[in-house]
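Undergrad: Pasting in a structure now, in structure tokens, and then I'll have a few things to ask.
The values are calculated or read from the model by the stated rules, or taken from the named source; none is laboratory data. All values derive from a computational prediction rather than experimental measurement. No Cβ is skipped: glycine too gets one built from the backbone with ideal geometry, and neighbour counts run over all protein chains shown.
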Amino acid sequence: MRFNQFDIEEHRNILLFTLDENKHGDYPFFIQNVALENFDGILHRHEYFQIYYISKGKLKHRINNKEFDLVKGDVFVIPPYTPHSVATCDNVPCEAIELEFKPEFINQSFRNDADVKSFLDFMYIEPFMVVRPRLSLSGKLEFDVESILNDFMYEFNKKKPGFELMTKSMILKLLAMLGREAAYEHHAPEKVTLVDKQRDSILKVVNYLEEHYTEKIYLEDAVKLSLLSYSNFCMVFKSVTNKSFTRYLNELRVSRAKEYLKKTDNKIIDICSKSGFENVTHFNRTFKQITSLTPREYKQVNR
């Protein structure tokens, strides 16, 4: 079973993108950061799988003649030849990570005519052959998915020896994690809880943290922004993100610091400031608590 069997006749007039159009060399995968503002994309398809993760802002995903709003932490996986489009909404810019790969990159056996389901690696792809407009990630899963995507970006840009094996393992891990979450969401009972209703208030705070993490931010400020009571905010924030407010903010700042450490030659003291930490002692202690390495050790390992 070749994947081009999903290239059905009624969709043949819809624009089809190929991976080669990215002009990234002869690799069966591609990743990039995208920044969208006042954007309204046309209906299109791909010859490859696409994983689209919202890292900041808000996006509208159109698929199966329906529209779905996506916010930070949401992700969708689109199998080959599936028509869809995206657009910004509510005058809110969007930043996302776009990962694309050919099915044969996971298992070269997909290139022949045998039944794809006979191959072990199909289990990574099978959950996404039924299209889901979005998966809403939170807590450790959201943090882990974003970390994998950023590590993939680093490997793809640096192209050090063995990077293709590294990126393949990352895709497999990513698909396994998202597939597990997709299965959970599919089988979970449909019920609207108080936390569900107040999720937008927490996401508003999360977006604020993404934009202002370099500034002094106190718990009291976040509570006011959410328009919730203090106790209710703490409870709902923990339910949505699986972290306390302080833990979430520290992990966000450490995540930004890791990018500076990997991609720049800035001094530790400068990275400390750029990441929102007030002093190097606190920066070093918090960084080691979260990564088990000091910033200097992390820099040495990743350069």
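Undergrad: Would you mention how many residues in region 214-259 are part of a loop (DSSP other than H, G, I, E, B) and surrounded by fewer than 16 Cβ atoms within 10 Å (Cβ to Cβ)? Break it down stepwise before answering.
TA: Step one: filter region 214-259 for residues part of a loop (DSSP other than H, G, I, E, B), giving 214-218, 227-229, 242-244.
This time we only want the ones that are surrounded by fewer than 16 Cβ atoms within 10 Å (Cβ to Cβ), so: 214-216, 218, 227, 229, 242, 244.
Residues in region 214-259 being part of a loop (DSSP other than H, G, I, E, B) and surrounded by fewer than 16 Cβ atoms within 10 Å (Cβ to Cβ): 8 in total.
Undergrad: From the list Lys238, Lys267, Lys258, which residue is in contact (Cβ under 8 Å) with a residue 24 or more places away in the chain, of a type in the set (D, E, K, R) and not assigned by TED's automatic domain parsing to the domain that holds Glu142? Steps first, please.
TA: Values: Lys238 fails: in contact (Cβ under 8 Å) with a residue 24 or more places away in the chain; Lys267 fails: in contact (Cβ under 8 Å) with a residue 24 or more places away in the chain.
Criteria check complete, one pass: Lys258.
Undergrad: Another one. Give me the pairs: first residue in region 138-150 and in a helix (DSSP H, G or I), second residue among the aliphatic types (A, V, I, L, M), beta-carbon distance under 6 Å, and six or more apart or on different chains, which are they?
TA: Val145/Leu137; Ile148/Met170; Ile148/Leu174; Leu149/Ile97
Undergrad: Another question about this same structure. What do you reckon, is Lys168 more than 22 Å from His282 (Cβ to Cβ), loosely packed, with under 15 Cβ neighbours inside 10 Å, modelled with pLDDT of 90 or more and outside the structural domain of Glu297 (by TED's automatic domain parsing)?
TA: Numbers: more than 22 Å from His282 (Cβ to Cβ): yes; loosely packed, with under 15 Cβ neighbours inside 10 Å: no; modelled with pLDDT of 90 or more: yes; outside the structural domain of Glu297 (by TED's automatic domain parsing): yes.
It is false that Lys168 is more than 22 Å from His282 (Cβ to Cβ), loosely packed, with under 15 Cβ neighbours inside 10 Å, modelled with pLDDT of 90 or more and outside the structural domain of Glu297 (by TED's automatic domain parsing).
Undergrad: What's the number of the only condition in (1) modelled with pLDDT of 80 or more; (2) under 20 Å from the mean Cα position of the chain (by Cα) that Leu219 fails to meet?
TA: (2)
Undergrad: Examine region 273-284 for a residue that is over 22 Å from His212 (Cα atoms) and buried (at least 17 other Cβ atoms within 10 Å of the Cβ), and state whether such a residue exists.
TA: no
Undergrad: Could we say that Tyr52 is farther than 11 Å from Tyr81 by Cα and hydroxyl-bearing (Ser, Thr, Tyr) here? Spell out how you get there, then give the answer.
TA: Working: farther than 11 Å from Tyr81 by Cα: yes; hydroxyl-bearing (Ser, Thr, Tyr): yes.
Judged against the criteria, Tyr52 is a match.
Undergrad: Exactly one of (1) modelled with pLDDT of 90 or more; (2) touching a helix residue (DSSP H, G or I) at 6+ places or on another chain (Cβ under 6 Å) is unmet by Ser147. Its number?
TA: Condition (2) is where Ser147 drops out.
Undergrad: OK, next. Quick one: what pairs do we get from region 284-303, first residue closer than 17 Å to Asp151 by Cα, second at pLDDT 90 or above and basic (Lys, Arg), C-beta under 7 Å, 6+ apart or different chains?
TA: From residues that are closer than 17 Å to Asp151 by Cα, the pairs are Tyr298/Lys258.
Undergrad: Regarding Arg12, is this residue loosely packed, with under 14 Cβ neighbours inside 10 Å and of a type in the set (Lys, Arg)? Break it down into steps so the answer makes sense when it comes.
TA: Numbers: loosely packed, with under 14 Cβ neighbours inside 10 Å: yes; of a type in the set (Lys, Arg): yes.
In short, yes.
Undergrad: Out of curiosity, is Asp270 out of contact with any helix residue (DSSP H, G or I) (no Cβ under 7 Å at 6 or more places or on another chain) and not in a helix (DSSP H, G or I)?
TA: Numbers: out of contact with any helix residue (DSSP H, G or I) (no Cβ under 7 Å at 6 or more places or on another chain): yes; not in a helix (DSSP H, G or I): no.
The answer is no for Asp270.
Undergrad: Is it the case, given these coordinates, that Thr88 is among the hydroxyl-bearing types (Ser, Thr, Tyr), outside the structural domain of Val206 (by TED's automatic domain parsing) and in contact with a His (Cβ under 9 Å, 6 or more places away or on another chain)?
TA: Values: among the hydroxyl-bearing types (Ser, Thr, Tyr): yes; outside the structural domain of Val206 (by TED's automatic domain parsing): yes; in contact with a His (Cβ under 9 Å, 6 or more places away or on another chain): no.
No; evaluated as a whole, the condition is false for this residue.
Undergrad: Let me ask another. I'd like to know if region 130-143 contains one or more residues that are modelled with pLDDT under 90 and touching a Phe, Trp or Tyr at 6+ places or on another chain (Cβ under 6 Å).
TA: Within region 130-143, one or more residues are modelled with pLDDT under 90 and touching a Phe, Trp or Tyr at 6+ places or on another chain (Cβ under 6 Å).
Undergrad: Here is a list: Phe17, Phe29, Phe39, Phe49. Which entry is among the aromatic types (Phe, Trp, Tyr), touching a residue at least 24 places away in the same chain (Cβ under 8 Å), surrounded by 14 or more Cβ atoms within 10 Å (Cβ to Cβ) and over 26 Å from Phe163 (Cα atoms)? Outline the logic, then answer.
TA: Numbers: Phe17 fails: over 26 Å from Phe163 (Cα atoms); Phe29 fails: over 26 Å from Phe163 (Cα atoms); Phe49 fails: over 26 Å from Phe163 (Cα atoms).
Exactly one residue qualifies, and that residue is Phe39.
Undergrad: Anything in region 221-244 that is more than 24 Å from Leu141 (Cβ to Cβ) and either among the aliphatic types (A, V, I, L, M) or touching a His at 6+ places or on another chain (Cβ under 6 Å) (or both)? List them, or say none.
TA: Initial filter on region 221-244 (more than 24 Å from Leu141 (Cβ to Cβ)): 221, 223-225, 227, 229-231.
Those that are more than 24 Å from Leu141 (Cβ to Cβ) and either among the aliphatic types (A, V, I, L, M) or touching a His at 6+ places or on another chain (Cβ under 6 Å) (or both): Val223, Leu225, Leu227.
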